[in-house]
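Asks: Can you read through this structure? Questions will come right after.
The values are calculated or read from the model by the stated rules, or taken from the named source; none is laboratory data. Everything quoted here is computed from the prediction, not taken from an experiment. Neighbour counts are summed over all protein chains in view; Cβ atoms, including those assigned to glycine, are modelled from backbone coordinates with ideal geometry. These area figures cover heavy atoms from the full protein model, side chains too; ligands, DNA and RNA do not enter into them. Shrake-Rupley method; radii C 1.70, N 1.55, O 1.52, S 1.80 Å.
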Amino acid sequence: YLHEIKKGESVQIGVENKEGTTCQWAPTVGLNNPNSCTPIAKPEVSTEYHLTATNACGTSSSMTLVSLWQEDKSQGQKVLTPHGKITVRR
């Protein structure tokens with residue numbers, strides 16, 4: 001999923017979980033509760049959040065990008081990932 005927001009805004013990410021599901025997001029920066037399946041994200045930089053969800057059937061993973069809107073994209077966009085910062089050029 002892609003969420004594009006203005007700096008200072010927030011967005012709910014993830015989906016409601018079924019009972020017995022545990023969730024963990026990475027990175028945790030900018031999340032109000034990284035153990036929630038539906039945390040509120042308010043990052044300071046564009047962030048690619050990775051979700052690991054576990055229940056009795058096993059483990060699944062997913063990701064979502066919360067992109068901070070920028071008018072001038074000619075210099076690329078810095079994105080925080082679980083593995084560090086990268087620069088994305090469009």
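Asks: Of everything in the stretch 30-60, what is free of Cβ contacts under 8 Å to residues at least 24 places away in the same chain, within 20 Å of V11 (Cβ to Cβ) and small (G, A, S)? Give them in sequence order. Can you show your working first?
Replies: Taking the stretch 30-60 as the starting set, the residues that turn out to be free of Cβ contacts under 8 Å to residues at least 24 places away in the same chain are 31-37, 57-60.
Now restrict to residues that are within 20 Å of V11 (Cβ to Cβ): 31-37.
Answer for the stretch 30-60, where residues must be free of Cβ contacts under 8 Å to residues at least 24 places away in the same chain, within 20 Å of V11 (Cβ to Cβ) and small (G, A, S): just S36.
Asks: For L80, indicate whether it is touching a Pro at 6+ places or on another chain (Cβ under 8 Å) and in contact (Cβ under 8 Å) with a residue 12 or more places away in the chain. Give the steps one after another, and end with the answer.
Replies: Numbers: touching a Pro at 6+ places or on another chain (Cβ under 8 Å): yes; in contact (Cβ under 8 Å) with a residue 12 or more places away in the chain: yes.
Judged against the criteria, L80 is a match.
Asks: Taking the options T22, T87, name whichever one is touching a residue at least 12 places away in the same chain (Cβ under 8 Å) and of a type in the set (V, I, T).
Replies: Numbers: T87 fails: touching a residue at least 12 places away in the same chain (Cβ under 8 Å).
Result: T22 is the single residue among T22, T87 that is touching a residue at least 12 places away in the same chain (Cβ under 8 Å) and of a type in the set (V, I, T).
Asks: While we're looking at this one, here's another question. Within the stretch 18-33, can you find the residues that are touching a Phe, Trp or Tyr at 6+ places or on another chain (Cβ under 9 Å), farther than 17 Å from Q77 by Cβ and open to solvent by less than 30 Å² (accessible area, probe 1.4 Å)?
Replies: Answer for the stretch 18-33, where residues must be touching a Phe, Trp or Tyr at 6+ places or on another chain (Cβ under 9 Å), farther than 17 Å from Q77 by Cβ and open to solvent by less than 30 Å² (accessible area, probe 1.4 Å): W25, L31.
Asks: Taking the condition in a loop (DSSP other than H, G, I, E, B), among the aliphatic types (A, V, I, L, M), open to solvent by 60 Å² or more (accessible area, probe 1.4 Å) and at pLDDT 95 or above, does V15 pass? Even if it seems obvious, please write down each step before you answer.
Replies: Working: in a loop (DSSP other than H, G, I, E, B): yes; among the aliphatic types (A, V, I, L, M): yes; open to solvent by 60 Å² or more (accessible area, probe 1.4 Å): yes; at pLDDT 95 or above: no.
Against the criterion (in a loop (DSSP other than H, G, I, E, B), among the aliphatic types (A, V, I, L, M), open to solvent by 60 Å² or more (accessible area, probe 1.4 Å) and at pLDDT 95 or above), V15 does not qualify.
Asks: Is it true that some residue in the stretch 68-78 is open to solvent by less than 30 Å² (accessible area, probe 1.4 Å), at pLDDT below 95, outside any loop (DSSP other than H, G, I, E, B) and of a type outside the set (G, A, S)?
Replies: From the stretch 68-78, those open to solvent by less than 30 Å² (accessible area, probe 1.4 Å) are 68, 76-77; that's our starting set.
Then drop every residue that is not at pLDDT below 95, which leaves 68, 76-77.
From what is left, the residues that are outside any loop (DSSP other than H, G, I, E, B) are 68, 77.
Filter once more, so that each one left must be of a type outside the set (G, A, S): 68, 77.
The answer is yes; a qualifying residue exists.
Asks: Might you check whether a residue that is under 9 Å from the mean Cα position of the chain (by Cα) and part of a strand (DSSP E or B) occurs anywhere in the stretch 52-62?
Replies: Our first condition is that a residue be under 9 Å from the mean Cα position of the chain (by Cα); within the stretch 52-62, this holds for none.
No, because not a single residue in the stretch 52-62 is under 9 Å from the mean Cα position of the chain (by Cα) and part of a strand (DSSP E or B).
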